[in-house]
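The values are calculated or read from the model by the stated rules, or taken from the named source; none is laboratory data. Quick caveat: nothing in here was measured; it's all calculated off a predicted structure. So basically every Cβ, Gly included, is an ideal-geometry build from the backbone, and we count neighbours across all protein chains shown. For the accessible areas, the whole protein counts, side chains as well, though only heavy atoms, and no ligand, DNA or RNA atoms are used. Shrake-Rupley method; radii C 1.70, N 1.55, O 1.52, S 1.80 Å.
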Amino acid sequence: MFVRRLLYLLREAVANVLTNRTTTVVAVATTAFTFACVGVFLLLYVNLRAMASSLEQDIEVMVYLQDDLTEQMRREIEQQLKADRAVGSLTFVSKERALADFQTQFPSESHLLQGLGQNPLPASFVITFAVESRSSEAMQRWATRAQSISGVTQVQYNQEWVEALAGMVRYIEVAAIIVGVILSAASVTIIANTIRLALYSRREEIEILGLIGASTTFIRVPYLLEGAALGLLGSALSLVILKAGFELFRHEIRSASRFLGVDALLTFFPLDMCLVLVCVGLFLGCAGSFLSLLRFGEGRV
Amino acid sequence: MVWPLTPVRPLPLSPSMIQLFHVSKYYDRRVALSDVTLEIEKGEFVLLMGPSGAGKSTLLKLLIGAERPEEGQILIQGRSLSKLRSSEIPLLRRKVGVVLQDFRLLPKKTVFDNVSLPLLVQGASTAEIRRKVAEALRAVGLDHKKDHVPSGLSTGEQQRICIARAIVNGPIMLLADEPTGNLDPELTSEIIDLFKSINARGTTIIVATHDPNVLAQVSRRVITLDQGRVVSQEQVCS
Ligand SMILES: Nc1ncnc2c1ncn2[C@@H]1O[C@H](COP(=O)(O)OP(=O)(O)O)[C@@H](O)[C@H]1O
Ligand SMILES: [Mg+2]
């Protein structure tokens, strides 16, 4: 009778939690806190990455052309650029158009150009990249390639910006991984200790179960369930803490007018990621109680 | 693996319930059992006597696989315990009832729940559990106490509940370690009578004790241990 045994095991797990109420609460709280620390880094990472990709989206690359190109040559260059899979969109800006743009953007400086007699601004193609080619390395490679096309004088884009942001995202990623690993180990230890207390307080019962022919699995399951529940509760609670902190932060930013509009860019974890985090908590909880079971039984329980 | 309830081979060749061949057990370097060879037949009622520290408890623990011998062979119904995988030990224990010295009841569970535990762990159905627990409690004369918790019972009653738990599964043998250790002579004879009636139904019984009151009441085979050695095996007749 599988159901009856399962019910028994569930009841045992609940009883475990209830008898060690204080240690359970402490374990859930500390686990929640450690998970929340990892969560802060993850949030930072998720937001910066979102920001980075939205900035990368706006990045335009200017391909400047020689002044003496024939219409035929310009067409060829355009065909060549369009054929490139990395290129998302392409706009031609003629010399005249460039001048007009300059004059509308910088009306007070327009006399500088007039003094030169003829239009000094080159014609160009303005290019945005296809989504899959928006990384800074891909852009750099593309720029070098475009530079070698005959008729192209210069390829320009806001390289520093892209690279700085990409670098920052990478650092945060590494930091999130390191902090995540360390604090996960910490929460596994915390849960392992709680389970060890539970095992110790019920060692007589465990011995009895073994002597009357309970299988190892039967004896272990309530403690694995307890560990899983601790991990699950801890991670769920950490998400609640993080969400509260996040909303507070967003509220602060919104009321500080200097960052106008930034608050709209901030995002919390999407729902599927929340689920993944809770599952990770559950898994770490199981791992913690498994460790304790191994150490407690030395193979016997 | 299915632990056979009945001997595998026909009677003349059928293996004894328990056979020990030159069994030794050490804790660190201290000898607990030394070169023990003995045989116990199906249906026997054996007393294991000897002073404290003689190795009686150790012998019982070896029989249920709670300890493993350093030397020698132990066969239960012809099957070697040393060849059992650790996953098979629970299956052996489901066929052996134990009333150990420090083998207490679960204090927060009712008498019914305590006695039903051996059935529960092997997945018996609700109906089977009800029937067998009622039977076992009737055998020890405590079916009216099934909803009590152990703390509400006397010592003698608690010991009888332990015995009910040991026999609920219909074991091939029953091992009891100092079952009368903290009982007065009157309760002692009650418990011994209970063992006799269980034995009368065919269950092999081994009782380890240093209590002379028990010896006085059981006119069966007595195996005496001292410092880990079998010093005498005799058939006591009264
Ligand atoms: N778990 C153990 N660890 C170390 N020594 C033990 C252990 N169990 C028993 N012993 C030793 O083994 C010997 C036999 O003990 P035991 O079988 O309990 O004797 P009895 O039950 O006849 O009193 C004793 O010397 C005892 O100290
Ligand atoms: Mg003893």
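Only one residue of A:167, A:214, A:183 has its Cα farthest out toward the positive end of the dipole of region A:158-214, where Lys and Arg carry +1 and Asp and Glu -1 on Cβ, and that residue is A:214.
Averaged over residues, the count of other Cβ atoms within 10 Å places the peptides B:28-36, B:42-50 in the sequence B:42-50, B:28-36, highest first. With all protein chains kept in place, the per residue accessible area of region B:104-170 amounts to 42 square angstrom at a probe of 1.4 angstrom. In percent, rounded to a whole number, the relative contact order of region B:104-170 is 51, using alpha-carbon pairs under 8 Å and six or more apart. Separation of region A:208-244 and region B:121-152, taken as the distance between their Cα centroids, equals 30 angstrom. Taking the Cα centre of the protein assembly as shown as reference, the dipole from Cβ charges on Lys and Arg (+1) and Asp and Glu (-1) amounts to some 2080 debye. Using a cut-off of under 19 Å, list every residue of region A:46-80 whose amide N is near the label point 7 Å from the Cα of residue A:156 along the Cα-to-beta-carbon line. From region A:46-80, the list is A:58-69. On full extension, the segment bounded by residue A:189 and residue A:247 gains 17.8 nm, given 0.36 nm per residue less the C-alpha separation. If R0 is 35 Å, the Cβ-Cβ spacing of residue A:295 and residue B:31 corresponds to a FRET efficiency of close to 0.75.
Over region B:104-170, the hull volume per residue, using the convex hull of the C-alpha atoms, is 74 Å³.
In this entry, chain A is assigned a mean projected area of 23.7 nm², taken as a quarter of its C-alpha convex hull surface.
Only Cα pairs under 8 Å and 6+ residues apart enter the sum, and on that basis the relative contact order of chain A stands at 30 percent. Enclosing the Cα atoms of region B:168-238 in their convex hull gives a volume equal to 109 cubic angstrom per residue.
Listed by number, the DSSP H helices of chain A that run 24 Å or longer by alpha-carbon position along their axis and have mean Kyte hydropathy of at least -1.0 are A:2-19, A:21-58, A:159-201, A:216-255, A:271-297. Region B:17-54 and region A:45-81 have Cα centres lying 89 Å from one another. Note on region A:144-292: Cα-Cα pairs beyond 28 Å make up 49% of the total pair count.
Under the criterion of Cα pairs below 8 Å and six or more residues apart, the relative contact order for chain B equals 27 percent. Summarising the overall dimensions of chain B from its C-alpha atoms, the Rg and Dmax are 17.5, 50 angstrom.
With Rh defined as the Kirkwood radius, the inverse of the mean 1/r over Cα pairs, the Rg/Rh of the protein assembly as shown is 1.32. Cβ-Cβ distance of residue A:254 and residue A:204, R₀ of 56 Å, FRET efficiency by 1/(1 + (r/R0)^6): the value works out to about 0.45. Interface between chains B and A: roughly 1900 Å² of accessible area buried, both sides summed (probe 1.4 Å, protein heavy atoms only).
Helices of chain B meeting both criteria, an alpha-carbon length of 15 angstrom or more along the long axis and an average Kyte-Doolittle score not below 0.5, with helices taken as full DSSP H segments, are B:111-121. Ranked by the mean number of other Cβ atoms within 10 Å per residue, highest first, peptides B:218-225, A:234-241 order as A:234-241, B:218-225. The equivalent ellipsoid that matches the C-alpha gyration tensor of region B:86-203 spans semi-axes of 21, 17, 14 angstrom, in descending order.
Comparing A:244, A:256, A:146, which has the greatest mean-square fluctuation in the GNM of chain A with Cα pairs linked when under 10 Å apart? It is A:256.
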